[in-house]
């Protein structure tokens, strides 16, 4: 068996692992990246990127379908084969690009399943088994979809998110269990493609963790524009599957049960960190834990760093990437720590939702909020999509922005500026004084910042 020696080992090539490996290469550290599947992990291959490719495609069709009031008329037909091709081409372009970047920095990619034998030694199983002797390691094992015992993914009509992204069929009816980001994003795609979609969510509102006003706006829009049915405050208590479909028993908060028949079921109740199967117990890890709890140095054992989904919520690709950079810099001898004040969270629903920093309800100190509606934004009106708002939350004591909540058209593209405002600790007045181009959606963020002090220009005088 071949033995490979390296300074740094990275296990897992998702948005945390591959970023860590690239950063190590930039800093001149000899690095080996171990990946059991394709470079890019869940995000690039069967998560963030392919889902956004499909969402973007169906949005173009929906824009025509709902554009009659703007003088746009036409019949929309969906070519699922072409949709799948667009998804695959997008994924291939990114994954091959990442591989080339890794190679340019001298990172060696080893394909196979890696498991720690002991500190300093990783065994890789695969087509070319080997042992890797390393000095320090970054573990980026990622997460996996949570399975419901009564609805195993082994049944062809029970889907996880990867199955849903394959577009193998467009069912006549689809039940989505879980009204979080993944459930609503993929549910929207299938509803646009013609499926009758029902979303079952245990909480009273969809998008748990998102302010109710924003979540309700998304739910109302999906019901109105896509015909999605919502069963909130409800849970699945029984399931019977056969070759033609699945019969679910759904019970509401008062114990009333309803039978729902569906051609397929998408289980989107969450993801869990992958602690098993990597020999982490040989590094002193309690693999029965829900996730690896790490300090701001990200070091869970001497010379070993954990990043991304493995370290628990929020399970976000950009969070994993930043952690990967920090871990790499620590291995290279820099004193970096993971201590973000702003962590953008985005749902690519229709309309989109973005939350950065703290919501008003999460703040333990007195705050002031300023809200600006997109219906008063020129670009949103011209775009024909003016539902939603931007809310800026600032401390009363010093006017420093601590959070931003946005729901509306293209707010994902505004979340970067919002994150900069929170991370830099600037005041609402300072953001409100920054000249924004007109007409743009970004003006809504400027106006919301001015509204904190009651000085938004395109807003009625506060009573």
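Bear in mind that the values in this text are calculations on the coordinates, not laboratory data. Worth saying up front: this structure is predicted, and the values here are computed from it rather than measured. With ideal geometry, Cβ positions are generated from the backbone for all residues, glycine too; neighbour counts draw on all protein chains shown.
Tabulated data for the structure shown
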read-out	value
Label point 7 Å beyond Cα of residue 398 along Cβ direction - residues of region 420-439 with amide nitrogen under 19 Å	420-433
Per residue convex hull volume, Cα atoms of region 1-51, in Å³	66 Å³
Theoretical FRET efficiency, 1/(1+(r/R0)^6), r = Cβ-Cβ of residue 82 and residue 276, R0 30 Å, to 0.05	0.15
Spin-label zone in region 218-248 - amide nitrogen under 12 Å from a point set 7 Å from the Cα of residue 66 along the C-beta vector	218-228
DSSP bridge orientation in the chain - percent antiparallel, rounded to nearest 5	60 percent
Ranking of 417, 362 by count of other Cβ atoms within 10 Å, fewest first	362, 417
Spin-label model distance (nm) - residue 337 vs residue 375, 7 Å beyond Cα toward Cβ	4.7 nm
Cubic angstrom per residue, convex hull over Cα atoms of the chain	174 Å³
Projected area averaged over orientations for region 345-451, convex hull of C-alpha atoms, nm²	5.9 nm²
Computed lengthening from residue 118 to residue 463, 0.36 nm per intervening residue step minus Cα-Cα distance	117.5 nm
Compactness of region 29-170 - radius of gyration and Dmax, Cα, Å	20.4, 67
Cα Rg, Dmax, region 90-171, angstrom units	17.9, 51
Ratio of the Cα radius of gyration of region 168-211 to 2.2 N^0.38 Å, where N counts its residues	1.17
Which of 318, 66 has the fewest Cβ neighbours within 10 Å, and the rest in rising order	66, 318
Length gained when the stretch residue 133-residue 413 is fully extended (0.36 nm per residue, less Cα-Cα span)	96.5 nm
Translational diffusion of region 158-269, µm² s⁻¹ [Kirkwood Rh, Cα pairs; Stokes-Einstein; 4 °C; 1.567 mPa s]	93 µm²/s
Semi-axis lengths (Å, descending) of the ellipsoid that matches the C-alpha gyration tensor of region 27-94	37, 13, 8
Volume of the Cα convex hull of region 255-349, divided per residue and given in Å³	182 Å³
Cβ-based exposure ranking for 49, 55, 457, in which fewest neighbours within 10 Å come first	457, 55, 49
Calculated SAXS-style log₁₀ I(q)/I(0) at q = 0.18, 0.20, 0.25, 0.28 Å⁻¹ - region 220-266, Debye, Cα scatterers	-0.64, -0.75, -0.94, -1.00
Contour minus Cα-Cα distance for residue 301 and residue 7 (0.36 nm per residue)	104.2 nm
Kirkwood Rh and Cα Rg combined as Rg/Rh, region 240-291	1.26
